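What follows is a set of notes on a single structure, which appears directly below.
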Amino acid sequence: MAGHPKQRGLMSGSNFGRIGVGSWTRAAGIAGLAAPVLWAIATAAEVARANIGHSIISRPERFFSDSAWHWPLVLLVAVMVGAQIAAMSALLVSDSRRRLSVAVVALFGVAGLARLALTLLLPSDPHGYSVSTAAAVCSNIVLLTLPLGLLTTAVLMRRRSPALAWLSGGAGLAMIWVSLWATVWSARSGASQPQLLAIEPVEGLASIWAGIVGVWLLGRRLPLHLPDLGRKSGVAVALAACVAIVTSSGSFVAAYRPTIEAQLTGKTQVETIRADAVDRTYRLHRPAKVAAAPGLVIVLHGSFGGGFQIEADSGFDAEADRLGWIAAYPDGVADGWDAFGSTDKWGRHPGADDVAFISALIDRLEASDAVDPNRVYVTGMSRGGMMSYRLGCALSDRLAAIAPVSGNMATESGSADVPCTLTRPVSVFAIHGTADGTIPINGGKVDITFSPMADVIARWRAMDQCGAASTQSADGPSTTTTWACPGGSTVVTRVVSGGWHTWPKLSGAAASQGGSPDSFDAARLIADFFVAHPRVTG
């Protein structure tokens, strides 16, 4: 039994001696144990300094935003990756296939240097609004080399220690899985560099693995006994993992296929424009048949979102195709738009003037695409809806109408009496759900203070000089109220009983069949409203 391969693992005295029981090996074991602790501290520091209000998924670069924690974090990361490399090198130093072992240690070294460079290179501008190309490349290197190193370790250890081999292989496959899904879900939320979100969990897996190796090096038995499943079972497990990845990826493809196809075929393009001190990006959808003087609809995403996310979620590409209009999906910076009610901790971004950005975007498209200046519109969801109200005020001489979805307009104290003077009437079509807990329809304090929707609409009715009389109509759980105003402008609200904080996308028939109260096509309703309301010129 003493000569059986399963018994000649690292735990045997002779094998442990071959690795080296000296101070260096003990130090490597202790370093491996320290790796998961250091990773937890570094991640907690990154999360704490990112000032995250809603989500880290769509803005993973906020992990690395500038702060007083920067250099201590660099030191933490340096020690952490050093601990991982030490554990790996001590584990493989006695392997007979020295060249391959050295290559594996080198992979970990490259991953460590790239991970450290990420902390130094992000952000690429003084306000943390964008990610440098070098940092994006470094993140891809980390996500490639770490799982490759662990999978190669699994091959090297399969005879010396089947349990550690399976553990290393499993960790490598888990890294690939986490990288895929962290990137996918971050992309779904509109991240400009979605792979950055995968860095943290992948590094976490590497640190946990290094901790287990540290225990192994120090001679303690692991409370983990992985069976030698054999070649057929291993192939079956690999195939099952592949099937799971392909199947679960179907939801992403199904939800975002039209948006991806539009970009691949050139209908949607990503362009850049300089506004204030920042290069701003936006997605532009031009249908196959553009009208002679097309209308322009600017669609704004919510907090921590992006143009890709709102392009897919709003469904406005289809309306642009139907009307022959152009749809633009600008990207905000950091946590979102600088709307009414923004504070220094939420929405205000030095060097990034959102109003100047949208104004420059309109200028460009009127010049390049012959956009009809009487048919320029803005709509948006959540924070994008809030920004729609601000743009309606700031650009009232250029916008014909706005359509906020789950938006709000308030001062920092929660009053709808914001500084707003219209040079021309701006029509309004506001959609809001009564069960919206993120921006309550009746106002109140959440992350910032919101005003009641009734106060917001009353303010716009006064600014547009609408009459007191209104008309109402019901559509399932939704009630639409309309006020007529001089010059053909209109203020309209659609209040959804039981509606949530979401952009409604389904047909009206779905609601009558017991679906969500938000089951109607908001993009179609908004587009038709815009068609009926060109800019008031009188």
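Just one residue in the set SER132, SER124, SER139 is hydroxyl-bearing (Ser, Thr, Tyr) and crowded, with 19+ Cβ neighbours inside 10 Å; that residue is SER139.
Listed here are the helices (runs of 4 or more DSSP H) enclosed by segment 3-93 that have at least 2 residues being buried (at least 16 other Cβ atoms within 10 Å of the Cβ) and modelled with pLDDT under 65: 13-19. Selection of segment 149-170 for residues being surrounded by 22 or more Cβ atoms within 10 Å (Cβ to Cβ) and either among the small types (Gly, Ala, Ser) or in contact with a Cys (Cβ under 7 Å, 6 or more places away or on another chain) (or both) yields GLY149, SER161, SER168, GLY169.
Selection of strands (runs of 3 or more DSSP E) fully inside segment 248-303 by the criterion of at least 2 residues being among the hydroxyl-bearing types (Ser, Thr, Tyr) returns 268-275, 278-285.
Could you list, in sequence order, the residues of segment 454-493 that are under 16 Å from TYR389 (Cα atoms) and touching a His at 6+ places or on another chain (Cβ under 8 Å)? Steps first, answer last, please.
Going residue by residue through segment 454-493, those that are under 16 Å from TYR389 (Cα atoms) are 454-464, 489-493.
Residues satisfying the conditions are SER489, THR490, THR493.
Do we have LEU144 as aliphatic (A, V, I, L, M) and either over 19 Å from ALA40 (Cα atoms) or open to solvent by 50 Å² or more (accessible area, probe 1.4 Å) (or both) here? It would help to see each step written out before you state the result.
Values: aliphatic (A, V, I, L, M): yes; either over 19 Å from ALA40 (Cα atoms) or open to solvent by 50 Å² or more (accessible area, probe 1.4 Å) (or both): yes.
Here the answer is yes, as LEU144 does meet what is asked.
Among residues of segment 94-117 that are farther than 26 Å from VAL74 by Cα, those with a beta-carbon under 8 Å from a residue that is at pLDDT 85 or above at least six positions away or on a different chain give the pairs ASP95/SER101; ASP95/LEU156; ARG97/LEU156; LEU100/THR152; LEU100/LEU156; SER101/LEU156. The set of residues in segment 459-479 being among the small types (Gly, Ala, Ser) and either in a strand (DSSP E or B) or under 15 Å from HIS432 (Cα atoms) (or both) consists of SER473, ALA474, GLY476, SER478. When LEU506, LEU525 are checked against the criterion of being in contact (Cβ under 8 Å) with a residue 12 or more places away in the chain, more than 29 Å from PRO373 (Cα to Cα) and either acidic (Asp, Glu) or out of contact with any helix residue (DSSP H, G or I) (no Cβ under 6 Å at 6 or more places or on another chain) (or both), LEU506 stands alone in meeting it.
Filter segment 361-382 down to residues that are polar (S, T, N, Q) and not in a loop (DSSP other than H, G, I, E, B) and give me whichever is most open to solvent (accessible area, probe 1.4 Å). Among those that are polar (S, T, N, Q) and not in a loop (DSSP other than H, G, I, E, B), it is SER368.
Figure legend. Inter-residue proximity from segment 388-406: first residues among the acidic types (Asp, Glu), second residues part of a loop (DSSP other than H, G, I, E, B) and surrounded by fewer than 24 Cβ atoms within 10 Å (Cβ to Cβ), beta-carbon distance below 7 Å, spacing 6+ or different chains. Indicated pairs: ASP397/THR423; ASP397/ARG424.
This table checks each residue for (1) open to solvent by less than 40 Å² (accessible area, probe 1.4 Å); (2) in contact with a Gly (Cβ under 9 Å, 6 or more places away or on another chain).
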site: GLY384; (1), (2): yes, yes
site: LEU395; (1), (2): yes, no
site: SER406; (1), (2): yes, yes
site: THR411; (1), (2): yes, yes
site: ASP417; (1), (2): no, no
site: ARG424; (1), (2): no, yes
site: ASP436; (1), (2): yes, yes
site: VAL446; (1), (2): no, yes
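Of the residues making up segment 311-352, those that are among the acidic types (Asp, Glu), open to solvent by 20 Å² or more (accessible area, probe 1.4 Å), at pLDDT 90 or above and out of contact with any strand residue (DSSP E or B) (no Cβ under 6 Å at 6 or more places or on another chain) number 2. Of all residues in segment 188-199, exactly one satisfies the criterion of being hydrophobic (A, V, I, L, M, F, W, C) and open to solvent by 20 Å² or more (accessible area, probe 1.4 Å), namely LEU197. Annotation note: Cβ proximity below 7 Å between a residue of segment 460-477 that is at positive phi and a residue that is in a helix (DSSP H, G or I) (sequence gap 6+ or interchain) occurs for GLN465/PRO486; GLY476/GLY508; GLY476/ALA511; GLY476/SER512. Would you call VAL202 of a type in the set (A, V, I, L, M), out of contact with any strand residue (DSSP E or B) (no Cβ under 8 Å at 6 or more places or on another chain), in a loop (DSSP other than H, G, I, E, B) and open to solvent by less than 30 Å² (accessible area, probe 1.4 Å)? Spelling it out, it is not the case that VAL202 is of a type in the set (A, V, I, L, M), out of contact with any strand residue (DSSP E or B) (no Cβ under 8 Å at 6 or more places or on another chain), in a loop (DSSP other than H, G, I, E, B) and open to solvent by less than 30 Å² (accessible area, probe 1.4 Å).
Could you please let me know if PRO517 is assigned to a loop (DSSP other than H, G, I, E, B), open to solvent by 20 Å² or more (accessible area, probe 1.4 Å), at negative phi and at pLDDT 95 or above? Explain how you work it out, then say what you get.
Details: assigned to a loop (DSSP other than H, G, I, E, B): yes; open to solvent by 20 Å² or more (accessible area, probe 1.4 Å): yes; at negative phi: yes; at pLDDT 95 or above: no.
Answer is no for this residue.
Answer yes if at least one residue in segment 482-500 is open to solvent by 20 Å² or more (accessible area, probe 1.4 Å), at pLDDT 95 or above, closer than 18 Å to ARG524 by Cβ and touching a Lys or Arg at 6+ places or on another chain (Cβ under 9 Å), and no otherwise. No, every residue in segment 482-500 fails to be open to solvent by 20 Å² or more (accessible area, probe 1.4 Å), at pLDDT 95 or above, closer than 18 Å to ARG524 by Cβ and touching a Lys or Arg at 6+ places or on another chain (Cβ under 9 Å).
Scan LEU143, LEU120, LEU116 and give me the residue that is of a type in the set (A, V, I, L, M, F, W, C), more than 24 Å from TRP177 (Cα to Cα) and either assigned to a helix (DSSP H, G or I) or touching an Asp or Glu at 6+ places or on another chain (Cβ under 9 Å) (or both). Explain how you work it out, then say what you get.
Numbers: LEU143 fails: more than 24 Å from TRP177 (Cα to Cα); LEU116 fails: more than 24 Å from TRP177 (Cα to Cα).
Just a single option satisfies the conditions, and that option is LEU120.
The values are calculated or read from the model by the stated rules, or taken from the named source; none is laboratory data. All figures in this text were calculated on a predicted structure; none of them were measured in a lab. Every residue, glycine as well, gets a Cβ built from its backbone with ideal geometry; the counts of neighbours run over all protein chains shown. SASA here: full protein model, heavy atoms, side chains in, ligands and nucleic acids out. Shrake-Rupley method; radii C 1.70, N 1.55, O 1.52, S 1.80 Å.
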